[in-house]
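> To start, I am sharing the structure in question, which I have written as structure tokens.
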Amino acid sequence: MEAGTALIGLFSREDEKARCASLEEAVRIMNIPKSKATVLCRTIIEAHSACLGAQWRKLMTTNFKKVALAALIASTALVAPAFAEDIILMDGVEPRQENNSVVEAGAFQTEGPWKIAMSHFGVNANTWTVQTAHEAQGVADGDDRITDFIMLDANFDQAKQVADIEDLIAQDPDVLIVMPVTGTSADAGIEAAVAAGIPVIVHTGRTETQAFTVEIQGGAENFGRVMGDFLVDQLGGTGNIWVLRGLPSHPEDINRYAGLVQSLEGTDITITQEEHGNWVYDEGKRVCETFYLNDPNVDGIWSSGADMTRACVDVLKQFGADIPPLTGEGNNGYFGQWIEEGFPSISAEYSPAQAAAGVRAAVALLEGQELNKHYIYEPAGWDVAKAGEYYRDDLTANVWWPTELPEETLQELYGQ
Amino acid sequence: MTATLKNILTGKNSRQGLWILPLIIVVIGFVSLSVSTEDFATSQNLSNLLKQAMPLIIVAIGQMIVILLGGMDLSVGSMISLTTALLAIDAPAVVTIPLVVVAAVMVGFINGFSVVRLNVHPIIATLSMQFIVLGVAKLIRPVAGGSVPEFLVQWVNGTIFGVSTVFLLTPIVILIGWKLIHGSRYGLHLFAIGGGAAEGQEDAAHNFGISDRRNIIVAYICSALFAALAGAFLAGRIASGDPNVGTIFALDSVTAVAIGGTQLSGGIGGLHGTLIGALLMALLSNGMNLANLSAFLQGSIKGGILLLVVALQSRKKMGL
């Protein structure tokens, strides 16, 4: 297949899978780093979807357009800002386009065996956080060069994270991975580690300091916006919604909510009831019961987490009410419910495998590979068809998708 | 000599509690970690250990004052959080520090007043205060952030003449606590009031002319002030305000005091025991971190050791 033909596939194919295959092929033939091609193609696809539609697709069949598009991508590849060579940390994780920089190849290259240290913000808060710990451990266990993988649990305690990082630095690891409890809890530790020559990888939470070596940040605002946009679309821009939030004061909750607010700007959608369900089923159920008893009239439900969504569906069924459009995320239990009930919903993606990506970034640094300083993780929402591809009825409700855990581990931890 | 040693080891008839047992555990833990973990006995780690223990040492001294009376202060955690939140507001230190002191005195006074004047059980009174203070802290600072006075950060994390400031601060705090509990008339009154309360004779000290009500209110004020000091230290550690940072200290401070041999019923205890208790808790966390024990296991091991130590120190075993 020619590069041009492959690229045309990006625009002529209807489904995302086929588009991805075309992109892969074009990237392979033209030898363009995937990160650059992905960004460019996304821009073109958005433009294509927004204004040109079928007319554009027709034009694309001409040889002229094929060549022009190939040239456009090739030239972009040459003139785009400097990015690190393509390293796939995780599906959906890409270098940030603005204000990025490169960690030079070989900057932290070290021969194995390696000692990798990790400060986890809180392992036992819910099933998602537990899985992040398993995802990170899984990658570390699968690499013989990592002989010491030390993970400490801050238990969502800012002071404990400060102490944990001190203890980890005292053990002189080759890399320190940090999942910050708050925007400031790890700052002093990160700066101390970097000053001691230890590279630091930050993920699943922002820090005020920029001293880290590499960061991978899932966009909480994007998460909230994906859900908010879905409700705006489903409700036609007008109606009353309930909002179930996560843990009070938690930065992830605040930023997801900010994404919702962005979506609702300029619409006639009103939040009639709002409360924190702490991202857990029990509390979500209590909140939804209260909402329903206060005022059962609701056109849509924005839930910041899948366990709360499941709880709300159960409450509405219990009262014999119709289930309005509502939002969820990649949890196996929720997927099963969604597929079975068929209610209108969307699943925002926030994979626990980000913790695996953190370990993978650490390995890349120690191998001497070139990395970007900033990576983002802002995937699109999933529909029920995609949820169906992942759902496993032989596993419990506690698995979160997508996961990188091997089948053996999945069965061991979540097998029914 | 043998009888004295036996009494120390068993805590028999000791008003200072069975502090020798946790001390032995601390020494064994210290030696075994020094031998088994190459990173433990380094100056960097010992400095880390003291920094990590320091907030608990401070708040536990205040907690011990209240427990000696037969009371308990569950609002110390929220007071710590409120302190960090107040220190991180956008105002100069000359404003925020007096604000913290005033807040602590108010919180302590209301706790004490509720207990002695309104006859509310100490646990209920201070639990209610915990929620009130936490709410105020979250109103002031809903999310962790902001910045605390720079001198505080330097003071907590810095050095003087090459020595970590924490090594200088620790003896000062201990001296204040020692003077208050073991070196003053007020300290004697604490033991007298607590001893009576433990025997079910709350007015025993009062009958001997000791102003129990005033002393109890002062004890709660002291507890809140020590909590505020611990909060200031923590604010320097995290360099920001956090409405949740103190939560864990409410029960941790009670645990450290109990491990150190102070009886929760009052009248028996010693500052050295409390220091050992706080040090043991910090040592457990630090040691398990360095020994690379699974995050899933650490909590269970800590709980098991605490249960064992406290179970061996009942008032009955001491013959009091």
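> Report, as an integer, the average count of C-beta atoms from other chains found within 10 Å of each Cβ along B:34-47.
Working: counts 0, 0, 0, 2, 2, 6, 3, 0, 3, 0, 5, 5, 1, 2.
Counting Cβ atoms of other protein chains within 10 Å of each residue's Cβ and averaging gives 2.
> Oh, and also: Let's test the formula: R0 of 35 Å, r as the Cβ-Cβ distance of residue A:270 and residue A:390. What FRET efficiency results, to the nearest 0.05?
Working from the Cβ atoms, E equals 0.55.
> Same structure again: Tell me the label-point distance for the pair residue B:172, residue A:88, using the 7 Å Cα-to-Cβ offset, in nm and rounded to one decimal.
Simple spin-label model gives 5.8 nm for this pair.
> Same structure again: Taking all pairs of distinct Cα atoms, average 1/r, flip it, and tell me the Kirkwood hydrodynamic radius of chain B in Å to one decimal place. Present the calculation step by step, with values, prior to reporting the outcome.
Numbers: mean 1/r = 0.0499 Å⁻¹.
For chain B, the Kirkwood estimate is 20.0 Å.
> Just want the answer: with Cβ charges of +1 for Lys and Arg and -1 for Asp and Glu, which residue in A:193, A:99, A:169 is farthest toward the dipole's positive end in region A:96-201?
It is A:99.
> I need the phi-derived Karplus couplings for region B:155-170: 6.51 cos²θ - 1.76 cosθ + 1.60, θ = phi - 60°, integer Hz, Gly and Pro marked x.
For region B:155-170, the Karplus-derived couplings read 5, 6, 9, x, 9, 10, 6, x, 9, 4, 4, 5, 5, 8, 6, 4 Hz, x marking Gly and Pro.
> Hey, can you grab everything whose amide H is under 5 Å from the amide H of residue A:372? Only 5+ residues off in sequence or another chain; H modelled, so Pro and N-termini drop out.
A:84, A:103
> Next up: Spin-label point model (7 Å from Cα, Cβ direction): what's the residue B:211 to residue A:144 distance in nm?
Simple spin-label model gives 7.7 nm for this pair.
> If you take each beta carbon of peptide A:150-161 and count the beta carbons of other chains within 10 angstrom, what is the mean?
Values: counts 6, 4, 7, 6, 1, 4, 3, 7, 10, 16, 5, 1.
Mean shielding count: 6.
> What ranking, highest mean first, results for peptides B:72-80, A:236-244 when packing means the other Cβ atoms within 10 Å averaged over each residue? Could you put the intermediate results ahead of the total?
Working: B:72-80: 30.0, A:236-244: 19.0.
Sorting B:72-80, A:236-244 by mean packing, highest first, produces B:72-80, A:236-244.
> With springs connecting C-alpha atoms under 10 Å apart, model chain B as a Gaussian network and identify which of B:208, B:167, B:151 has the largest mean-square fluctuation.
Looking only at B:208, B:167, B:151, the largest GNM fluctuation is found for B:208.
> So how much slack lies between residue B:105 and residue B:121, counting 0.36 nm per residue of separation and subtracting their Cα-Cα distance, in nm?
Working: separation 16, 0.36 × 16 = 5.76 nm, distance 1.99 nm.
That works out to 3.8 nm of additional length.
> A follow-up question, please. Return the Rg/Rh ratio of region B:240-302 with Cα-based radii and a Kirkwood Rh.
Details: Rg = 13.8 Å, Rh = 13.1 Å.
Computed over Cα atoms, the ratio is 1.05.
> To continue, here is another question. Please list the non-local residues whose amide H lies under 5 Å from the amide H of residue A:150, H modeled 1.01 Å from N, same-chain partners needing a gap of 5 or more.
Under 5 Å from the amide H of residue A:150 lie the amide H atoms of A:116, A:117, A:118, each far enough along the sequence or on another chain.
> If the only charges are +1 at each Lys and Arg Cβ and -1 at each Asp and Glu Cβ, what is the size of the charge dipole of chain B around the Cα centre, to the nearest 20 debye?
On the way: 16 positive and 11 negative charges, 129 e Å.
Taking the Cα centre of chain B as origin, the dipole is about 620 debye.
> Distance between Cα centroids, region B:192-247 to region A:342-416: provide it in whole Å.
Spelled out, the Cα-based centre of one part sits 49 Å from the other.
> With Cβ to Cβ distances under 12 Å as the rule, what net charge do the other residues near residue A:339 carry (K, R +1; D, E -1)? Before the final figure, lay out the partial values.
Working: positive: A:386, A:392; negative: A:340, A:341, A:383, A:389, A:393.
With Lys, Arg at +1 and Asp, Glu at -1, the neighbours total -3.
> Of B:51/B:138; A:373/B:51; A:317/B:138; A:160/A:317; A:285/A:386, which pairs sit farther than 30 Å apart, going by alpha carbon to alpha carbon?
Values: B:51/B:138 26 Å; A:373/B:51 32 Å; A:317/B:138 35 Å; A:160/A:317 42 Å; A:285/A:386 26 Å.
Beyond 30 Å between Cα atoms: A:373/B:51; A:317/B:138; A:160/A:317.
> Something else about it: Pop the C-beta distance of residue B:265 and residue B:46 into the FRET formula with R0 = 45 Å and round what comes out to the nearest 0.05.
Numbers: r = 35 Å, r/R0 = 0.79.
So the FRET efficiency works out to roughly 0.80.
> Let me ask something else about it. How large is the dipole of region A:221-348 about the Cα centre if only Lys and Arg carry +1 and Asp and Glu carry -1, each at its Cβ, rounded to the nearest 20 debye?
Its charge dipole is roughly 120 debye.
> Right, next: Return the calculated 222 nm mean residue ellipticity for chain B, to the nearest 500 deg cm²/dmol, obtained by summing -39500 (n - 2.57) across DSSP H runs with n ≥ 4 and dividing by the residue count.
On the way: 14 runs with 226 residues, N = 320.
Rounded to the nearest 500, it is -23500 deg cm²/dmol.
> Could I ask something else about it? Could you give the length gained on full extension between residue B:301 and residue B:201, defined as 0.36 nm per residue of separation minus the Cα-Cα distance, in nm? Please report the intermediate quantities before stating the final value.
On the way: separation 100, 0.36 × 100 = 36.00 nm, distance 3.84 nm.
Extra length from residue B:301 to residue B:201 when fully extended: 32.2 nm.
> Which residue, A:239, A:312, A:262, has the largest displacement toward the positive end of the dipole of region A:221-348 when charges sit on each Cβ (Lys, Arg +1; Asp, Glu -1)?
So the residue we want is A:312.
> Rounded to the nearest 0.05, what FRET efficiency do residue A:110 and residue A:262 give with R0 = 45 Å and r taken as the Cβ-Cβ distance? Could you check?
Working: r = 43 Å, r/R0 = 0.95.
With a Förster radius of 45 Å, E is 0.60.
> Another one. Taking each residue in B:245-251, count the Cβ atoms of any other chain within 10 Å of its Cβ, then average. What number comes out? Walk me through the intermediate numbers first.
Numbers: counts 8, 3, 3, 5, 2, 0, 0.
Neighbouring Cβ atoms belonging to other protein chains average 3 per residue here.
> Given the alpha-carbon gyration tensor of region A:160-254, what are the semi-axes of its equivalent ellipsoid in whole angstrom, ordered largest first, with each equal to the square root of 5 times an eigenvalue?
Values: eigenvalues 269, 34, 14 Å².
Equivalent ellipsoid of region A:160-254: 37, 13, 8 Å, largest first.
> Just round it to a whole percent: the fraction of Cα-Cα distances in region B:14-168 exceeding 21 Å. Walk me through the numbers before you get to the answer.
Values: 7206 of 11935 pairs.
Here the long-distance tail beyond 21 Å is 60 percent of all Cα pairs in region B:14-168.
> Another question, then. Spelling out what I want: for every residue of region B:28-36, take phi, set θ = phi - 60°, compute 6.51 cos²θ - 1.76 cosθ + 1.60 (Karplus), and round to whole Hz; glycine and proline get x.
4, x, 4, 5, 5, 5, 5, 7, 8
> Give me, ordered by chain and number, the residues 5 or more places off residue A:269 or on other chains with an amide H under 5 Å from its own placed amide H.
Long-range HN contacts for residue A:269: A:239.
> Spelling out what I want: for every residue of region A:341-346, take phi, set θ = phi - 60°, compute 6.51 cos²θ - 1.76 cosθ + 1.60 (Karplus), and round to whole Hz; glycine and proline get x.
Karplus-based 3J(HN,Hα) across region A:341-346 equals 7, x, 6, x, 7, 9 Hz.
> Out of every Cα pair in region A:221-348, what percent are spaced more than 20 Å from each other? Kindly include the intermediate steps, with their values, before the conclusion.
Details: 2803 of 8128 pairs.
Percentage above 20 Å: 34.
> Pulled fully out, how much extra length does the chain show between residue B:27 and residue B:291, if you take 0.36 nm times their separation in residues and subtract their Cα-Cα distance? If you can, show how the numbers build up before the last one.
On the way: separation 264, 0.36 × 264 = 95.04 nm, distance 1.68 nm.
Full extension from residue B:27 to residue B:291 adds 93.4 nm.
Bear in mind these aren't lab numbers, they're just calculated from the coordinates by the rules spelled out. Everything numeric here is computed off the predicted structure, so don't read it as measured data. Here the Cβ is made from the backbone with ideal geometry for all residues, glycine too, and neighbour counts use every protein chain on show.
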